[in-house]
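The values are calculated or read from the model by the stated rules, or taken from the named source; none is laboratory data. What you see is a predicted model, and the numbers here were worked out from it, not measured in a lab. We place every Cβ from the backbone using ideal geometry, glycine too, and count neighbours over all the protein chains shown. Surface accessibility is based on the protein's heavy atoms, side chains included, excluding ligands, DNA and RNA. Shrake-Rupley method; radii C 1.70, N 1.55, O 1.52, S 1.80 Å.
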Amino acid sequence: MRDMKELMVKYKALTTIYIKQFYKYPIPLFIKLIYVPVEAFIYIFLWNYLGKSSSVDINYMIIYYILIGLIKSAYPFRHISINIQRDVMEGSISNVLVRPYPYILPEIERYTAWIFLYSFIFIPAIIFVIIVRNVSVYYAILFVLSFAIGNMIQFLVWYNVGLIALKIERIRGVLLGVSALMSFTSGSLVPLFLLPQWMEQVTYLFPFRYYMYFPLQTMLGEISMSDYMVSLALSFVWCVILWGLSAVQLRSGMSKLQANCA
Amino acid sequence: MCLKRLKKIARLYKISVFSGFQYFKADTIMELISEVIFSIGNILFWYCVTDMGYELSGWSLNQIFVFVAYSELFFSLNSSILGVCSRFWYIIYSGNLEVLLTKPIDCRLRFVVLNMKLSTLINGIIKFVVLLMIANYSIVSIRGFLLSILIVVIAAINLGVIYFIFSYASFWIGKMDPINEVADSLTIFNKYPLVVLSKIAKVIFTYILPFYFFSTFPAEVVLEKISLKNGIYGCSTLCITLGIWMLINNLIWRKGLERYEGING
């Protein structure tokens with residue numbers, strides 16, 4: 001209990017430092033304000049144009065892609081992997097390892113700081129969608145829950161991807177590979193219900209649908225309570241699996257690590 | 001003089017090509033596979049859209065595949081050679097610029113050459129040819145083919161110049177890592193045919209920011225959706241835009257150098 005308390009004090013202090021550090025460089029935030037609307041703008045034009053030839057509800061498709069864009073770029077997840085890759089390639093990982101807390105902790109802190117700052121853009125955007133789409137409070141609350149667990153999965157996925165650097169050093173290709181797989185299986189490329197049935201079944205083998213498609217379905221009110229509970233339970237299972245995998249990766253990676261910055 | 005310079009560039013290029021494979025074999029192979037997966041995703045998107053009954057007015061599925069082929073070609077040119085221009089800010093920020101300024105080759109050109117990825121380019125060309133074959137290459141006009149390739153190359157150079165200008169902001173602001181994100185996000189202009197845009201947006205993305213030339217315009221030229229005369233007119237417009245951007249580029253570069261301070265000299 002005392003250890004936990006001490007850890008929380010360190011956690012709080014480091015998170016505050018990261019918030020201050022990111023606050024000193026607010027340009028990423030402002031740039032997000034430019035390119036997220038630009039992406040939305042392209043999708044609006046695209047689906048309006050395509051909608052001329054079909055009776056399918058284009059408003060649904062527009063809101064789908066805007067929401068996907070928001071969820072996808074809400075927080076800079078890929079930076080988690082890139083930071084770990086940099087730690088490994090520059091050898092600075094050895095400095096972190098001698099500190100009195102686990103390696104994952106600074107990553108969580110950095111991530112928490114990002115969430116705190118990026119939420120100044122993400123939360124108003126989501127509230128705007130809730131008002132425009134007339135989403136009930138009930139589904140909005142369910143969305144928050146599914147999105148929170150989705151983010152935990154997202155963090156663990158990119159943390160695991162980063163740890164691959166312990167084995168192969170540069171992970172640019174791995175990042176690209178995971179992004180490609182994610183675009184297929186998360187519903188960000190095509191809504192999953194439009195995929196051929198066998199392909200949709202395959203998406204259950206990956207965790208990506210639980211941090212994009214699942215919160216999105218919840219927000220749009222397209223999920224029954226029983227399906228919601230099943231997806232929520234599976235999200236927890238994925239969290240456990242990814243947590244375990246990261247522990248295994250870290251242990252096996254450390255046995256191979258060579259660094260001279262200690 | 002010119003031959004000597006070319007020899008130096010070729011030597012640098014050799015180093016950059018082999019170092020990727022030599023030291024990061026697994027990652028390079030993974031990168032190539034991922035790029036193929038992305039292309040499959042592109043095709044899948046258009047299949048699903050057509051399957052739902054949507055139509056891109058005036059474009060058949062085969063013609064869309066021609067667009068996707070050009071999109072892939074542009075993307076590979078960008079990610080293998082010119083995309084790296086958006087990372088030049090790090091050289092400025094880290095204070096290494098003065099060392100590079102003493103080298104016999106322009107430091108920007110040196111930076112691009114040293115970071116080239118031949119494997120990505122070859123992969124892109126293979127994907128381009130395969131996609132044209134899938135699209136049934138008989139719909140492609142031979143006359144417009146060379147012009148379209150030229151347009152893609154000039155558009156890629158133009159984007160590289162714009163990336164450099166973004167990077168120069170580092171002279172004034174310092175750390176500019178969000179530029180990488182912006183550069184990545186610009187690929188959306190290459191993902192869908194920009195015929196979907198409104199008239200005003202089309203004018204902006206043709207004459208000011210030449211994104212229309214990434215893949216939409218070359219696909220239109222090769223599919224003879226526009227006449228060869230208009231194709232040449234478009235190409236000239238692109239060249240003028242490139243000239244203007246290069247001028248701005250050099251102007252900001254000089255202003256930036258005046259401000260630059262480093263400790264490595």
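For (1) within 18 Å of B:Val221 (Cβ to Cβ); (2) among the β-branched types (Val, Ile, Thr); (3) in contact (Cβ under 8 Å) with a residue 40 or more places away in the chain; (4) open to solvent by 20 Å² or more (accessible area, probe 1.4 Å), each residue gets a yes or a no:
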{"site": "B:Val153", "(1), (2), (3), (4)": "yes, yes, yes, yes"}
{"site": "B:Asn158", "(1), (2), (3), (4)": "yes, no, yes, no"}
{"site": "B:Ser167", "(1), (2), (3), (4)": "no, no, yes, no"}
{"site": "B:Val182", "(1), (2), (3), (4)": "no, yes, yes, yes"}
{"site": "B:Ser185", "(1), (2), (3), (4)": "no, no, no, no"}
{"site": "B:Val195", "(1), (2), (3), (4)": "yes, yes, yes, no"}
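Pairs please, first residue from segment B:130-144 and over 13 Å from B:Ile43 (Cβ atoms), second anywhere and not in a helix (DSSP H, G or I), Cβ atoms under 6 Å, 6+ apart in sequence or on different chains.
Matching pairs, first to second residue: B:Ser141/B:Glu224.
Which of the residues belonging to segment B:44-62 are open to solvent by 40 Å² or more (accessible area, probe 1.4 Å) and in a helix (DSSP H, G or I)?
Matches in segment B:44-62: B:Tyr47, B:Thr50, B:Asp51, B:Leu61, B:Asn62.
Only residues that are of a type in the set (A, V, I, L, M) and open to solvent by less than 30 Å² (accessible area, probe 1.4 Å): list them for segment B:25-42, please.
Those that are of a type in the set (A, V, I, L, M) and open to solvent by less than 30 Å² (accessible area, probe 1.4 Å): none in segment B:25-42.
Name the residue, out of B:Leu12, B:Leu109, B:Leu100, that is under 22 Å from the mean Cα position of the chain (by Cα), at pLDDT below 85 and not hydroxyl-bearing (Ser, Thr, Tyr). Break it down stepwise before answering.
Numbers: B:Leu109 fails: at pLDDT below 85; B:Leu100 fails: under 22 Å from the mean Cα position of the chain (by Cα).
Within the list B:Leu12, B:Leu109, B:Leu100, the selection yields B:Leu12.
Got a sec? Which of B:Gly234, B:Gly262 is open to solvent by less than 10 Å² (accessible area, probe 1.4 Å), farther than 19 Å from B:Ile81 by Cα and at pLDDT below 90?
One residue alone meets the criteria, B:Gly234.
Can you pull out every residue in segment A:183-194 that is more than 7 Å from chain B (Cβ to nearest Cβ) and either open to solvent by less than 20 Å² (accessible area, probe 1.4 Å) or among the acidic types (Asp, Glu) (or both)?
Answer for segment A:183-194, where residues must be more than 7 Å from chain B (Cβ to nearest Cβ) and either open to solvent by less than 20 Å² (accessible area, probe 1.4 Å) or among the acidic types (Asp, Glu) (or both): A:Thr185, A:Ser186, A:Gly187, A:Ser188, A:Pro191, A:Leu192.
What number goes with the only condition from (1) open to solvent by less than 70 Å² (accessible area, probe 1.4 Å); (2) β-branched (Val, Ile, Thr); (3) at pLDDT below 80 that A:Ile34 does not pass?
(1)
Working only within segment B:90-132, note down all residues that are within 21 Å of B:Tyr260 (Cβ to Cβ) and hydroxyl-bearing (Ser, Thr, Tyr).
Hits for segment B:90-132 are B:Tyr90, B:Tyr93, B:Ser94, B:Thr102.
When you check A:Ala165 against the structure, is it at pLDDT 85 or above and either over 18 Å from the mean Cα position of the chain (by Cα) or surrounded by 15 or more Cβ atoms within 10 Å (Cβ to Cβ) (or both), yes or no?
yes
Here is a list: A:Ser81, A:Ser92. Which entry is open to solvent by less than 10 Å² (accessible area, probe 1.4 Å), touching a residue at least 24 places away in the same chain (Cβ under 8 Å), in contact with a helix residue (DSSP H, G or I) (Cβ under 9 Å, 6 or more places away or on another chain) and more than 27 Å from A:Thr218 (Cα to Cα)?
Just one listed residue meets the conditions, A:Ser81.
I'd like to verify a number: residues in segment B:89-109 that are over 19 Å from B:Ser170 (Cα atoms) and open to solvent by 40 Å² or more (accessible area, probe 1.4 Å), how many? Show your work before the answer.
The initial filter retains those residues of segment B:89-109 that are over 19 Å from B:Ser170 (Cα atoms), namely B:102-105.
Going one step further and asking which of them are open to solvent by 40 Å² or more (accessible area, probe 1.4 Å), we end up with B:102-104.
Of the residues in segment B:89-109, 3 are over 19 Å from B:Ser170 (Cα atoms) and open to solvent by 40 Å² or more (accessible area, probe 1.4 Å).
Please determine whether any residue of segment B:114-124 is over 25 Å from B:Ile40 (Cβ atoms) and not aliphatic (A, V, I, L, M).
Checked segment B:114-124: at least one residue is over 25 Å from B:Ile40 (Cβ atoms) and not aliphatic (A, V, I, L, M).
I'm trying to understand the selection: among the residues of segment B:187-197, which are closer than 27 Å to A:Trp114 by Cα and more than 8 Å from every other protein chain (Cβ to nearest Cβ)?
Going residue by residue through segment B:187-197, those that are closer than 27 Å to A:Trp114 by Cα are B:187-188.
The one that is closer than 27 Å to A:Trp114 by Cα and more than 8 Å from every other protein chain (Cβ to nearest Cβ): B:Thr187.
Checking the condition at pLDDT below 75 and not polar (S, T, N, Q), which residue from A:Tyr11, A:Tyr49 passes?
Going through A:Tyr11, A:Tyr49 in turn, just one is at pLDDT below 75 and not polar (S, T, N, Q): A:Tyr11.
When the residues of segment A:114-141 are filtered to those that are free of Cβ contacts under 8 Å to residues at least 40 places away in the same chain and of a type in the set (Ser, Thr, Tyr), which remaining residue is least open to solvent (accessible area, probe 1.4 Å)?
A:Ser119
Name the single residue that is farthest from the other protein chains (Cβ to nearest Cβ) among those in segment B:25-52 being more than 24 Å from the chain's Cα centre (by Cα) and at pLDDT below 80.
Here is the first cut: in segment B:25-52, the ones more than 24 Å from the chain's Cα centre (by Cα) are B:25-26, B:47-52.
Going one step further and asking which of them are at pLDDT below 80, we end up with B:25-26, B:52.
Numbers: B:Lys25: 9, B:Ala26: 5, B:Met52: 6 Å.
For segment B:25-52, the residue satisfying everything is B:Lys25.
Could you tell me whether any residue of segment A:196-217 is open to solvent by 20 Å² or more (accessible area, probe 1.4 Å), under 16 Å from the mean Cα position of the chain (by Cα), among the hydrophobic types (A, V, I, L, M, F, W, C) and closer than 30 Å to A:Ile168 by Cβ?
Looking for residues that are open to solvent by 20 Å² or more (accessible area, probe 1.4 Å), under 16 Å from the mean Cα position of the chain (by Cα), among the hydrophobic types (A, V, I, L, M, F, W, C) and closer than 30 Å to A:Ile168 by Cβ, one finds at least one in segment A:196-217, hence yes.
Any residue that is within 14 Å of another protein chain (Cβ to nearest Cβ), of a type in the set (Asp, Glu) and within 23 Å of A:Met182 (Cα to Cα) - is there at least one of those in segment A:38-45?
So far as segment A:38-45 goes, yes, one or more of its residues are within 14 Å of another protein chain (Cβ to nearest Cβ), of a type in the set (Asp, Glu) and within 23 Å of A:Met182 (Cα to Cα).
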